[in-house]
Amino acid sequence: MKASDLFVEALVNEGVERIFGVPGEENLDFLDSLSRSPIEMVLTRHEQAAGFMAATHGRLTGKAGVCLSTLGPGATNLMTAAAYANLGAMPMVMLTGQKPIKSSKQGQFQIVDVVDMMQPLTKFSRRIGSGDLVPASVREAFRRAEEERPGAVHLELPEDIAQEDTDASIIPPSFIRRPVAEQKAIARAVEVLTKAKRPLLLIGAGANRKRTSQMLHKFVDKTRIRCVATQMGKGVVSEDHPCFLGNAALSSGDFVHRAFDTADVIMNVGHDVVEKPPFFMEKDGCTVIHVNFTSAEVDPVYFPQLEVIGDIADSVHEISERLPEPLQWDTTFFDKVRTALSMHIGRDADADQFPVLPQRLVADVRRAMPRDGIVALDNGMYKLWFARNYPAYTTNTALLDNALASMGAGLPSAIMAAMVNPDQRVIAVCGDGGFMMNSAELETAVRLGLNLVVLLLRDDALGMIQWKQEDMGFSDYGLTFHNPDFVKYAESYGAVGHQVTSTDQLLPSIHHAFDRGGVHLIDVPVDYSDNDRILNQEIQELSGRL
């Protein structure tokens, strides 16, 4: 059998249904083999976007997404997506081509050492040096990508190896069960929680799986422990649950940080230091219980005193079952935090001034979306407002990245969400800066016949950096730009463009776009002028009064 045919057969064996990417001549044998398989080749307009799509597939399904590029510039374009997946714990397999390794007549043309280049950005990077090694290489790549902690892996298939004949056979996936936590660690966690007076549950990205969400809901319902989520832990416990306090969207000084300051025990489920820290540990502070698949990476701001290592859902279940009833916990201050934060979030949710305030924008998106609707956020100022103000009710319905926090990921992530969940409403929320980095993928979305709404927040600047610039006392410099006519721009790709000219048009425009179906872009001028006053001054002042 030809090695490229065997490679594709190995991918089918792994359950791969789609590959995203931009092929080159070094991939042509593989592409020909792919054309005779059940796997769909989704041609994107940029390799980075293909990587974002594959990573989001891994995030939503737990099965590694697959992306493809040629050698050299195609492979270097995948590097940001590799870091995005690896830091965000999203299983992804990257496939790149290469010139013949046994004999090449093109010298060093387009040659970079892709395998070594990918090493620091992935869990595993390997060149396949023989057709006989294809089955083992593919099986090992998927095993590494999907095992805890999930992440990105890379395989390079040179032209001459793809053309080889081989008698190797497919290696089927093995049956794997995740290890469970050691019983003494469970018992110690139960002891610490039982003796606690003001324990707090913190939910991070690693808990953002359906089974873990179910166990955490049962745990919270039984114990009535108050809980907070990181940005990437949104929706694991429904944010309208009476025990949910809020989201740790800001670095410090928000209402939820007063809860951290008051807690004597923090049970930290599924968080690691790759995600921006939601709180900062002090050596003489509260006791932190680390519940995760893997042990904690010690950091100056995170050094837990107790670690419960194993399957998270099982650990939470075991702790819950062993805790006595009733528990004598004091939630008085935590409930004050919840009330104060809820009141602050509600302010300006109906403000009608134009350009649109971010508080009104977030509130209208929430009004437009069903409980299981998916919001895919790019990275910008609006991400903080959505993380803080937008309630998520179930897992992976608020797709944001607070690990690499790369701009340009919002639209590709939303495209993938719409492909995986065609019966759910999906909306991409992008700033004008991030959107333009991968805006050509509008054509991909139209070509695929997706139902997708893109909310384009226009402030003609890099708004988040302007906010930081103002906070640091610098003058406004170097962060503004000109934009195209976004309505015409969307229409040039075959999408439908909308221009919001008053705040009361926003919600009807979103509803209209979803009702009509297809790909829609809604251009919304947004007013961030109050960011510094509210986020850096007002919130800290109000929370300090609790």
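Looking at 330, 372 in this structure, which one is out of contact with any helix residue (DSSP H, G or I) (no Cβ under 7 Å at 6 or more places or on another chain) and assigned by TED's automatic domain parsing to the domain that holds residue 471? Working first, answer last.
Details: 330 fails: assigned by TED's automatic domain parsing to the domain that holds residue 471.
So the residue among 330, 372 that is out of contact with any helix residue (DSSP H, G or I) (no Cβ under 7 Å at 6 or more places or on another chain) and assigned by TED's automatic domain parsing to the domain that holds residue 471 is 372.
Looking at region 172-182, can you tell me whether even one residue there is touching a residue at least 24 places away in the same chain (Cβ under 8 Å) and more than 30 Å from residue 318 (Cα to Cα)? Yes - at least one qualifying residue is present in region 172-182.
Could you tell me which of the residues 289, 309 is buried (at least 17 other Cβ atoms within 10 Å of the Cβ), within 30 Å of residue 83 (Cα to Cα), in contact with a Leu (Cβ under 8 Å, 6 or more places away or on another chain) and not assigned by TED's automatic domain parsing to the domain that holds residue 405? Criteria check complete, one pass: 289.
Could you tell me whether residue 466 is at pLDDT below 95, polar (S, T, N, Q) and not in a strand (DSSP E or B)? Reasoning before the result, please.
Numbers: at pLDDT below 95: yes; polar (S, T, N, Q): yes; not in a strand (DSSP E or B): yes.
Answer is yes for this residue.
For beta carbons closer than 6 Å, sequence separation of 6+ or different chains, a first residue in region 521-544 that is under 30 Å from residue 443 (Cα atoms) and a second that is among the polar types (S, T, N, Q) and surrounded by fewer than 19 Cβ atoms within 10 Å (Cβ to Cβ), the qualifying pairs are 523/499.
Scan 127, 143, 149 and give me the residue that is closer than 28 Å to residue 438 by Cβ, surrounded by fewer than 22 Cβ atoms within 10 Å (Cβ to Cβ), among the charged types (D, E, K, R) and assigned by TED's automatic domain parsing to the domain that holds residue 47. Quick ask: steps written out before the conclusion?
Values: 127 fails: closer than 28 Å to residue 438 by Cβ; 143 fails: closer than 28 Å to residue 438 by Cβ.
Just one listed residue meets the conditions, 149.
Pick out the one residue from 34, 43, 60 that is within 23 Å of the chain's Cα centre (by Cα), farther than 30 Å from residue 274 by Cβ and surrounded by fewer than 24 Cβ atoms within 10 Å (Cβ to Cβ). Explain how you work it out, then say what you get.
Values: 34 fails: within 23 Å of the chain's Cα centre (by Cα); 60 fails: farther than 30 Å from residue 274 by Cβ.
From the options 34, 43, 60, the qualifying one is 43.
Look at residue 342 and say whether it is of a type in the set (S, T, N, Q) and surrounded by 19 or more Cβ atoms within 10 Å (Cβ to Cβ).
Details: of a type in the set (S, T, N, Q): yes; surrounded by 19 or more Cβ atoms within 10 Å (Cβ to Cβ): no.
When the stated conditions are applied, residue 342 does not pass them.
The set of residues in region 491-513 being in contact with a strand residue (DSSP E or B) (Cβ under 6 Å, 6 or more places away or on another chain) and more than 18 Å from residue 459 (Cα to Cα) consists of 491, 495, 496, 509, 513.
What residue, among those in region 346-374 that are over 17 Å from residue 506 (Cα atoms) and modelled with pLDDT of 95 or more, is surrounded by the most Cβ atoms within 10 Å (Cβ to Cβ)?
First, pick out the residues of region 346-374 that are over 17 Å from residue 506 (Cα atoms): 346-347, 371-374.
Narrowing the set further to residues that are modelled with pLDDT of 95 or more leaves 371-374.
On the way: 371: 12, 372: 15, 373: 20, 374: 24.
Filtering first and then ranking leaves 374.
Within region 301-321, residues that are at negative phi reach partners that are among the hydroxyl-bearing types (Ser, Thr, Tyr) and assigned to a loop (DSSP other than H, G, I, E, B) with beta carbons closer than 8 Å, at six or more positions or on different chains, in the pairs 307/295; 309/294; 309/295. Filtered by the rule that a residue be assigned to a loop (DSSP other than H, G, I, E, B) and either touching a Ser or Thr at 6+ places or on another chain (Cβ under 6 Å) or assigned by TED's automatic domain parsing to the domain that holds residue 206 (or both), region 380-405 gives 393, 395. Residues that are surrounded by 19 or more Cβ atoms within 10 Å (Cβ to Cβ) and acidic (Asp, Glu) within region 442-475 comprise just one, 459. Does region 190-200 include one or more residues that are under 25 Å from the mean Cα position of the chain (by Cα) and either more than 30 Å from residue 5 (Cα to Cα) or surrounded by fewer than 17 Cβ atoms within 10 Å (Cβ to Cβ) (or both)? Checking region 190-200: at least one residue is under 25 Å from the mean Cα position of the chain (by Cα) and either more than 30 Å from residue 5 (Cα to Cα) or surrounded by fewer than 17 Cβ atoms within 10 Å (Cβ to Cβ) (or both). Residues in region 492-507: is at least one at positive phi and modelled with pLDDT under 95? Scanning region 492-507 turns up no residue that is at positive phi and modelled with pLDDT under 95.
Check whether at least one residue in region 170-178 is assigned by TED's automatic domain parsing to the domain that holds residue 305, within 30 Å of the chain's Cα centre (by Cα) and under 30 Å from residue 243 (Cα atoms), and report yes or no. Explain how you work it out, then say what you get.
In the first step, residues of region 170-178 are kept if they are assigned by TED's automatic domain parsing to the domain that holds residue 305; the result is none.
There is no residue in region 170-178 that is assigned by TED's automatic domain parsing to the domain that holds residue 305, within 30 Å of the chain's Cα centre (by Cα) and under 30 Å from residue 243 (Cα atoms).
Condition check for residue 295 on (1) of a type outside the set (Val, Ile, Thr); (2) at pLDDT below 95; (3) crowded, with 24+ Cβ neighbours inside 10 Å: one failure, at (3).
Out of curiosity, is residue 274 among the hydrophobic types (A, V, I, L, M, F, W, C), touching a Leu at 6+ places or on another chain (Cβ under 7 Å) and either more than 14 Å from residue 202 (Cβ to Cβ) or assigned by TED's automatic domain parsing to the domain that holds residue 402 (or both)? Before you say what the answer is, go through the steps one by one.
Values: among the hydrophobic types (A, V, I, L, M, F, W, C): yes; touching a Leu at 6+ places or on another chain (Cβ under 7 Å): yes; either more than 14 Å from residue 202 (Cβ to Cβ) or assigned by TED's automatic domain parsing to the domain that holds residue 402 (or both): yes.
The answer is yes for residue 274.
Scanning region 267-315 for residues that are in a loop (DSSP other than H, G, I, E, B) and of a type in the set (S, T, N, Q) turns up 294, 295, 305.
Residues in region 210-231: is at least one touching a residue at least 40 places away in the same chain (Cβ under 8 Å), at positive phi and assigned to a strand (DSSP E or B)? No: zero hits. For region 264-285, a residue qualifies if it is over 27 Å from residue 400 (Cβ atoms) and not acidic (Asp, Glu), and the qualifying residues are 265, 283, 285. Scanning region 236-255 for residues that are surrounded by fewer than 22 Cβ atoms within 10 Å (Cβ to Cβ) and modelled with pLDDT of 95 or more yields a total of 7. The set of residues in region 326-379 that are of a type in the set (Val, Ile, Thr) and either in a loop (DSSP other than H, G, I, E, B) or closer than 18 Å to residue 253 by Cα (or both) comprises 331, 337, 339, 345.
The values are calculated or read from the model by the stated rules, or taken from the named source; none is laboratory data. In this text, all values refer to a predicted model and were calculated from it rather than measured experimentally. Note that we place each Cβ from the backbone using ideal geometry, even for glycine, and neighbour counts take in every protein chain shown.
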